[in-house]
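What follows is a single structure, written as structure tokens, with notes after it.
The values are calculated or read from the model by the stated rules, or taken from the named source; none is laboratory data. In this text, all values refer to a predicted model and were calculated from it rather than measured experimentally. Neighbour counts run over all protein chains shown; Cβ positions are idealised from the backbone, glycine included. Remember, those area values only see protein heavy atoms, side chains included, never the ligands or the DNA or RNA. Shrake-Rupley method; radii C 1.70, N 1.55, O 1.52, S 1.80 Å.
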Protein chains: 2
Amino acid sequence: MIEVMRLGHRGERDKRISTHVALTSRALGASNIIFTSGDKHVHGSVDRITESWGGDFQFKVADSWKSYVKEFKKNNGVVAHLTMYGENINEIMPEIIGRVYPTEGTESNKCENQKEEPKNLLVIIGAEKVPREAYELADYNVSVGNQPHSEVAAIAIFLDRLTMGKNLYSEYEDATIRVIPCKNGKNVIMS
Amino acid sequence: MIEVMRLGHRGERDKRISTHVALTSRALGASNIIFTSGDKHVHGSVDRITESWGGDFQFKVADSWKSYVKEFKKNNGVVAHLTMYGENINEIMPEIIGRVYPTEGTESNKCENQKEEPKNLLVIIGAEKVPREAYELADYNVSVGNQPHSEVAAIAIFLDRLTMGKNLYSEYEDATIRVIPCKNGKNVIMS
């Protein structure tokens, strides 16, 4: 299970960017997004999308982000913090994939019941300045390039590489609206 | 050369998202971003980043997006339009890469002077509803998944896959600020 934590969301100022962070997380396979305080705008947008497009992506609020992260690690979860100051994603991603999906991509001759289960992953992505403790608590501080750009871009590239594009085929049984890919124009099914 | 065209930018409403689209385009190797009308906020943000972080990424305005696209195609450029209704990026990307970088990734036994130069690529990304003609003028309508998410995420994943992460190492000689990747904390060089 992949969870995304949005640290330092600043209400009105960040509402659209944080909504894009949430919807990108959902589209690329995360199960939920965790804020450190409620936000009606973002919460409402997430719920509306999930209602029409399916799945059970959740908007959650953690009273203490630090406790949440510590608890997550205690339960054998892996924590990656996306920051332009961290290690380059090109170099560190294979190690993260190997840790989260231990049997993925290996020509394993293990018996089926010896296979290790994928680990849970928490991805932290900041809005305003991220507290020092986030860098320290994270197992990985990952930079999606060392140029300033966008939290939305960072989470998008990170999750795309993590799942190797698999989630770009996501479909949900309970969706009332679906898009059928096509060369030119729009092909939408409503049910 | 990669250019990005932002269609249908709606001033105040889109200023932060469009700024993220612009900075993501820069960080992932585009040479410029083209708007269809001026925007002081986005233009100023782009110029401030380029001044400190280097390179010569440009904010441009095209009076007629249609003429711009037609002229681009006339000069042998390739046009990709990112839309959730298009063909899945997982399937269409190899064809786009082959067309933009004709000699990339092939075990070519051609003489050096027979190598084809990379083609220019224009990536169109919409804000509000994109006119029908954009779908028709584009050589490729590409969906970065068929779930609703974010223009910033779409351009990020598209450019990351196009350049295979190479531009996530970008450094510019004229930068006055640089980040040195590190495991934990911040390592910034100011000059």
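Some notes on this structure:
- Selection from the range B:53-71 of residues that are farther than 19 Å from B:ILE124 by Cβ and open to solvent by 40 Å² or more (accessible area, probe 1.4 Å): B:ASP56
- Filter pass, A:ARG26 being of a type in the set (D, E, K, R) and either touching a Phe, Trp or Tyr at 6+ places or on another chain (Cβ under 6 Å) or closer than 18 Å to A:LEU162 by Cβ (or both): yes
- Flag for B:ARG16 being in a helix (DSSP H, G or I), of a type in the set (D, E, K, R) and open to solvent by 20 Å² or more (accessible area, probe 1.4 Å): yes
- When the range B:29-45 is filtered for residues that are under 19 Å from B:ASP174 (Cβ atoms) and buried (at least 22 other Cβ atoms within 10 Å of the Cβ), only B:ALA30 remains.
- Taken over the range A:27-55, the criterion of being part of a loop (DSSP other than H, G, I, E, B) and in contact (Cβ under 8 Å) with a residue 24 or more places away in the chain is satisfied by A:LEU28, A:GLY29, A:ALA30, A:SER31, A:THR36, A:SER37, A:ASP39, A:GLY54, A:GLY55.
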